[in-house]
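Note sheet for the following structure.
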Amino acid sequence: MAQVRVRFAPSPTGPLHIGGVRTALYNYLFAKKNKGVLILRIEDTDQTRFVEGAEEYIMDSLKWCGIVVDEGINEGGQYGPYRQSDRKGIYRKYADILIEKGDAYYAFDTSGQLEKLRADSEKEGKTFIYNASVRDNLCNSISLLESEWKAKLENEEPYVIRYKIPSDEDIHFDDLIREHIVVNTNTLDDKVLYKSDGMPTYHLANIVDDHLMEISHVIRGEEWLPSLPLHIMLYRSCGWNPPLFAHLPLLLKPDGKGKLSKRDGDKMGFPVFPLYWPFGETAKGYREEGYYPDAFINMLALLGWNPGTEQEVFSKEELINAFSIERVGKSGSRFDPEKAKWFNHFYLQKRTNNQLALEFRDFLRAKGYHVDIVNLEVLIGLVKERVSFVKDIWEQTDYFFKPPEKYDPEIIRKRWTENTPSLLSELKSVLEKIGNFSASVTEPAVKAWIEEKGYNTGEIMNAFRLVIVGASRGPHIFDIISWIGKEETIKRINKGLTEIGK
RNA sequence: GGUCCAUUCGUCUAGUGGUUAGGACGUCAGGUUUUCAUCCUGGUAACAGGGGUUCGAUUCCCCUAUGGACUACCA
């Protein structure tokens, strides 16, 4: 087989959402698996929808995800330029060739006229299709006399170039995921290939670029499946061999209503974008939520593809190795934010305490706490397994850095009796006598004291936790007091005694 | 409305002409932890419906239903 060359071809119309990221990811995995090349092509033929910053956003997102582009605007390559607006001069030639061959024609109908025709058809319960059935009654270079349409061109009347769909022909084509499909041309319409603004439409630009860039496999979203017969015909008209096609199932809205779209933003209770998007309607991203790119990619890869084994955790290299188009599913999937979270939890557990300490240190600095790395590593070790994100660590450890501001009333009710103050005072004197405050010293000492006096362990430990933590949560209490130190421990017992009182 | 695509636990999915229909997330229960969480163990839960074909269909075919995409001088 010739070299595998695939492309990811987004439109810079806003932030890339996770569906787009997944398409890019599958292209990337397929390319790497087959020792091929991934091309990033920016499809910006619609100048009215161009959004400032979107192109950068796309590139930043791919970079964050670890999706490495081989050819593109920044990467260069032998098949550039890689931005369609920079290729503007290329397309007209092909439209002209098609006209010359009789496979395309000039059309002068205005949008207003066509809109009205569509509306009228709809009223009658019919579908307006601009094709052989009505072509002759409309205003184009097929229905008009040659002298008429040539005069229009000379007068510089606005026109578009439409593809001339043949009448009543079954178009057969294959899709790597959906297998064989047949569509009759009578249901297709004469798509505009070249717009009156001098730009090609997606359909023309797409097949011209894919051909010129020697794309071997087109892997794209299922929303393109209906236009595949058109694309197949365009390749045929141009005398080119079409690439292989694979149409990916769509990512659905979590509430089950329709495909995921950019406009969903983060209204779903979780991000739909890889990165924060600061323009227009701002939206948060997976990166800012604290997801690790590897976890994010792993989760995304399994949404619509599976290896056929029970393995669910994959490094990027493992994904590349295991990936195949054949194992991409056929039906759309909505994704489960809980599972995404689980993936991140899993990946976080695999990180070392040192890595996490460094990540958490930045978080602490923002809050004005400065703690050395060694101490942070100890702290991380105490709470690591209960967090899914680095930012969760703070919620689990705030009381390590500052005494409780309030005490859980429910725990007071359950654990604070009239004996408690005197017991805690006694505990305090026991602790005051201890020089080394590590858990291996304090724990046996306290337990020995409890045993000697015949006290109730639960009664003491729960009250002790209450004054140290403020609630009934957290790791082993002796690990906590070891970390905060003797002085702070004593202070908190005193604070608890005065504030809870009785 | 038309065209095309799809349909296995709540979700992501595996799977086969004969299986106790498997796994993961979630959820529930028990255990561990004198706290909470984690963790461990166990449980719950699915082949959309109806016809065929067949000795036998979740698996193959057809119909229906449901969902989705497309139906622009947007991609």
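The values are calculated or read from the model by the stated rules, or taken from the named source; none is laboratory data. Because the structure is a prediction, the values reported are computed rather than measured. No Cβ is skipped: glycine too gets one built from the backbone with ideal geometry, and neighbour counts run over all protein chains shown.
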Number of positions in region A:246-262 that are within 12 Å of RNA strand B (Cβ to nearest atom) and either modelled with pLDDT of 85 or more or of a type in the set (D, E, K, R) (or both): 11
Options A:GLY280, A:GLY269, A:GLY308; residue that is free of Cβ contacts under 8 Å to residues at least 40 places away in the same chain, assigned to a loop (DSSP other than H, G, I, E, B) and not hydrophobic (A, V, I, L, M, F, W, C): A:GLY308
Region A:150-199, subset out of contact with any Phe, Trp or Tyr (no Cβ under 7 Å at 6 or more places or on another chain) and of a type in the set (S, T, N, Q), residue surrounded by the fewest Cβ atoms within 10 Å (Cβ to Cβ): A:ASN155
Close pairs from region A:344-360: first within 13 Å of A:TYR292 (Cα to Cα), partner of a type in the set (Lys, Arg) and part of a loop (DSSP other than H, G, I, E, B), Cβ under 9 Å, at least 6 apart: A:GLU359/A:ARG351
Hey, A:PHE270 touching a strand residue (DSSP E or B) at 6+ places or on another chain (Cβ under 6 Å) and either under 22 Å from A:ARG7 (Cα atoms) or surrounded by fewer than 19 Cβ atoms within 10 Å (Cβ to Cβ) (or both) or not: no
Answer residue from region A:79-110, given it is within 27 Å of A:GLU154 (Cβ to Cβ) and within 38 Å of the chain's Cα centre (by Cα) and is surrounded by the fewest Cβ atoms within 10 Å (Cβ to Cβ) among those: A:GLY89
Only listed residue being more than 9 Å from RNA strand B (Cβ to nearest atom), at pLDDT below 95 and surrounded by 16 or more Cβ atoms within 10 Å (Cβ to Cβ), chosen from A:THR498, A:THR442: A:THR442
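Find the residue count for region A:111-149, including only residues that are part of a helix (DSSP H, G or I), more than 12 Å from RNA strand B (Cβ to nearest atom) and surrounded by fewer than 16 Cβ atoms within 10 Å (Cβ to Cβ). I'd like the intermediate steps shown before the answer.
Within region A:111-149, the subset part of a helix (DSSP H, G or I) is A:111-123, A:135-137, A:146-149.
Imposing the further condition that a residue be more than 12 Å from RNA strand B (Cβ to nearest atom) reduces the set to A:116, A:120, A:135-137, A:146-149.
Among the residues that remain, those that are also surrounded by fewer than 16 Cβ atoms within 10 Å (Cβ to Cβ) are: A:116, A:120, A:136-137, A:146-148.
Result for region A:111-149: 7.
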Every residue from region A:465-482 that is of a type outside the set (D, E, K, R) and either surrounded by fewer than 20 Cβ atoms within 10 Å (Cβ to Cβ) or near RNA strand B (Cβ under 10 Å from one of its atoms) (or both): A:LEU466, A:VAL469, A:ALA471, A:SER472, A:GLY474, A:PRO475, A:HIS476, A:ILE477, A:PHE478, A:ILE480
Per-region count, region A:164-196, residues closer than 22 Å to A:SER141 by Cα and of a type in the set (Asp, Glu): 3
Matching residues in region A:448-502 - criterion: being hydrophobic (A, V, I, L, M, F, W, C) and farther than 15 Å from A:GLU426 by Cα: A:LEU466, A:ILE468, A:VAL469, A:ALA471, A:ILE477, A:PHE478, A:ILE480, A:ILE481, A:TRP483, A:ILE484, A:ILE500
Number of the condition not met by A:LEU228 [criteria: (1) in a strand (DSSP E or B); (2) surrounded by fewer than 22 Cβ atoms within 10 Å (Cβ to Cβ); (3) within 9 Å of RNA strand B (Cβ to nearest atom)]: (1)
Number of the condition not met by A:ARG87 [criteria: (1) closer than 30 Å to A:LEU319 by Cα; (2) out of contact with any Gly (no Cβ under 8 Å at 6 or more places or on another chain)]: (1)
Region A:150-182, subset in contact (Cβ under 8 Å) with a residue 40 or more places away in the chain and part of a helix (DSSP H, G or I), residue nearest to the chain's Cα centre (by Cα): A:LEU153
Residue in region A:360-381 that is within 30 Å of A:VAL4 (Cβ to Cβ) and either near RNA strand B (Cβ under 10 Å from one of its atoms) or charged (D, E, K, R) (or both) present: no
